[in-house]
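K.L.:
Pasting in a structure now, in structure tokens, and then I'll have a few things to ask.
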Amino acid sequence: MKAAWYEKQGAARDVLVVGEMDDPQPRAGEVRIRVVFSGVNPGDVKKREDAFGVGMPYPRVIPHSDGSGTVDAVGEGVSRGWVGRRVWCFGAQSYRPFGTAAQYTVVPLGLVVPLPEGVPLEQGACLGIPGITAHRAVHVAGSVKGQTVLVQGGAGAVGACAVQLAHRAGARVIATCRAESDKQIASRAGADEVLLTGEDLAERIRALAPDGVHHIVEVAFGANIKTDTAILPQGGSIATYATNTPMPETPVWQLVFVNARLFFVGSDDVPEEAKIDASRALNHALEAGWLGFDIGEIVPLEQIARAHELVEHPAKPGRVIVAIT
């Protein structure tokens, strides 16, 4: 099979190789997917460049955890009814060496989800990491039905998905974004109100939610924690999945006084039942008419280094996916 891989970490053009590998074979409980599109997430880029300082977990890594395609083989114990089904997958390169940047990927059946009829395979490649992260960030503190939810960064991949999922769960959703041009993305995802970040943001949110914001989905914990703290009511909650700085200052006493609840969400380690709930919710949203993620670039596998660079330095809004030929 044709595949992309790296055997050392570093800059995309220095370490990513495209070549031929043996076709993988599914073992018991696994399926093989003929990959059509492979999603590129910031986490894939960070692993490749060793941003977390953990080194090479395997001698060779085929990157990317998310992808879409058609099941073409199954291992022992898996119904042959899966063969020929259009699917999306997640976690292909989570604690595993070989992800979706290849013509074939083999994953446990639990990481495979049928793609709803009429939903393009391009969308399927975008769902995994951002969708599971968004769902967990919205629901980790409990039901949001009838509550006010703030999504910081509501035009990003996780943020826009969180807006949609919170909206579908019955919340009133306030979203923030950094540019006027991003407001339409958050509104289209289902936000009731969209605010630009900047001066007096806490006061502007309070004007919309005088009793406070019950739950916050946070993209930049360090940058926004003071604003978040200022708008939480008693027992309010924050779920953060990213931070602009790894060691942020935190207003502990103010959070103590409102009995705030803090949750830190990493998609790889979300409980299995939460991943199942997320995959169902994402499919239900698509079946109900959600158009999914904006796709900014589709890059051929031979140019995978460029795809990684586009995630590092976006040329336009939207997801970057790799087309496998």
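We did not get these values from a lab; they are worked out from the coordinates using the rules stated. It should be emphasised that the depicted structure is a prediction, and the values quoted were computed from it without experimental measurement. Here the Cβ is made from the backbone with ideal geometry for all residues, glycine too, and neighbour counts use every protein chain on show.
K.L.:
Rounded to the nearest 5, what is the percent of antiparallel bridges among the DSSP beta bridges in the chain?
P.N.:
Working: 30 of 55 bridges.
So the antiparallel bridges amount to about 55 percent of the total.
K.L.:
Between ARG168 and GLU249, what FRET efficiency follows from the Cβ-Cβ distance if R0 is 41 Å, with the result rounded to 0.05?
P.N.:
Approximately 0.75, to the nearest 0.05.
K.L.:
Rounded, prolate or oblate: which one fits the range 1-127, using the alpha carbon gyration tensor with axes a ≥ b ≥ c (rounded when a/c is under 1.5, else prolate when a/b beats b/c, else oblate)?
P.N.:
It comes out prolate by the Cα gyration axes.
K.L.:
Something else now. Using a basic spin-label model with each label point 7 Å from the Cα along Cα→Cβ, how many nm lie between ASP268 and ARG27?
P.N.:
Modelled inter-label distance: 1.9 nm.
K.L.:
Could you pull out the trypsin sites (Lys or Arg not before Pro) across the range 153-214 that fall in loop regions by DSSP (anything but H, G, I, E, B) with no more than 15 other Cβ atoms inside 10 Å? Provide the component values of the computation, followed by the final result.
P.N.:
On the way: sites: ARG168, ARG172, ARG178, LYS183, ARG188, ARG204, ARG206; in loops: ARG178.
Here the sparse-neighbourhood loop sites are ARG178.
K.L.:
Lysine pairs in the chain with Cα distance under 28 Å, only those 8 or more apart or on different chains: how many are there?
P.N.:
Close lysine pairs under the 28 Å cut-off: 15.
K.L.:
Using the 2.2 N^0.38 Å rule of thumb for compact globular proteins, work out how the range 83-150 stacks up: its C-alpha Rg over that value, please.
P.N.:
1.35
K.L.:
Any idea what the alpha-carbon Rg over 2.2 N^0.38 Å comes to for the range 131-268?
P.N.:
0.93
K.L.:
If each DSSP helix of 4+ residues adds -39,500 (n - 2.57) and the sum is divided by the residues in the chain, what number results at 222 nm, nearest 500 deg cm²/dmol?
P.N.:
After summing the helix terms and dividing by the residues of the chain, the value is -8500 deg cm²/dmol.
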